[in-house]
Amino acid sequence: MCPACTATTRPAPALAVPAGLDALSVPFAYEGVVRELVARAKYRNRQAALGWLAHEMTRALGPDAAAIDVVTWAPTTARRKRQRGFDQAELLATCIASELRLPVRARLRRVAGRAQTGENRAARAEGPQFVPVRRRDQVEHHPVAQRPESVLVVDDVITTGATMSRAARELRNGGAHRVLGVAAARKP
C-alpha cells in the first residue's frame, strides 16, 4: 500500500464482541481502498495485498496475540472454494499464522447453504453453519488428553458478527477454551 492510499483508510466502527468470542479485533472500515483490496482478493484472486492486510490484522490483535495457540479461519463452502480455487479467509489465516509463528489448522468445516453475499442484515443474522473438524490428537476410540487451546479465528469482513459467533460456538464444541476473532474490515 502506498502512503497516499493508506492515509485514506478509516478505523473499523465499534462493534460489540459477538457472542462466544473472548475478543474481536478489526483494523478497518469496509470502504474505499480496503473494500477494493478485500474484493480483489475474494472475487478476483488478487493476492498482492493479503500480506499487508494480514500484517494490519496482526497488529490489531495487540497483546492478545501472545495467548494464541493456533490460527484457524471461518471457511467458505466447499462449492465456493472449488469455484474460486481458494478460500480468502484461509489465505489471510496462513499469512497471520506465519507472522505470529504459530500453526494454522482447519478447525471448522462450513455446511453447504446459501451464500451470505448480498443478503440483508436480517438474513445474515442467522450466520452460516459450521461443524468442528476433529483435531489430529483426537482419535475415535483412544482420545489423547488434550490441553485446552486458545484459538484465533480469521475472516475477511464482519457485517453482523453472526459468522464469528457461530464459528466460536463450534470451536468451543471442538475443545477450544478461548476464542479470539480477527477480520480485515467491518461494514459500517
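Values in this text are rule-based calculations from the coordinates and carry no lab data. Small disclaimer: the values here were computed from a predicted structure and weren't measured. For neighbour counting, all protein chains shown are included, and Cβ atoms are generated from backbone atoms with ideal geometry for every residue, glycine included.
Our coupling estimate for segment 4-15, obtained by passing each phi through the Karplus curve with A = 6.51, B = -1.76, C = 1.60 and θ = phi - 60°, is 5, 5, 4, 5, 8, 6, 10, x, 5, x, 4, 8 Hz, Gly and Pro reported as x. Here the simple spin-label model places points 7 Å from the Cα toward Cβ, and for ALA14 and LYS81 these points are separated by 3.7 nm. Counting DSSP beta bridges with both partners in the chain, what percentage is antiparallel, nearest 5? Approximately 15 percent, going by the DSSP bridge assignments. In the chain, helical runs assigned H by DSSP with n ≥ 4 each contribute -39500 (n - 2.57); averaged across all residues and rounded to the nearest 500, the mean residue ellipticity at 222 nm is -10000 deg cm²/dmol. Taking the alpha carbon gyration tensor of the chain, multiplying each eigenvalue by 5 and rooting it gives semi-axes of 26, 19, 16 Å, largest first. The local environment of THR76, defined by Cβ-Cβ distances under 12 Å, has a net charge of +4 under the rule Lys, Arg +1 and Asp, Glu -1. Considering only PRO188, LEU24, ALA4, the residue lying farthest towards the positive end of the dipole of the chain is PRO188, judged by Cα position with unit charges set on Cβ. Round to a whole angstrom and tell me the spacing of the C-alpha centers of segment 1-38 and segment 60-88. Between the Cα centre of segment 1-38 and that of segment 60-88, the gap is 16 Å. Counted residue by residue at 0.36 nm each, then reduced by the alpha carbon distance between them, the extension gain from SER150 to ARG46 reaches 34.4 nm.
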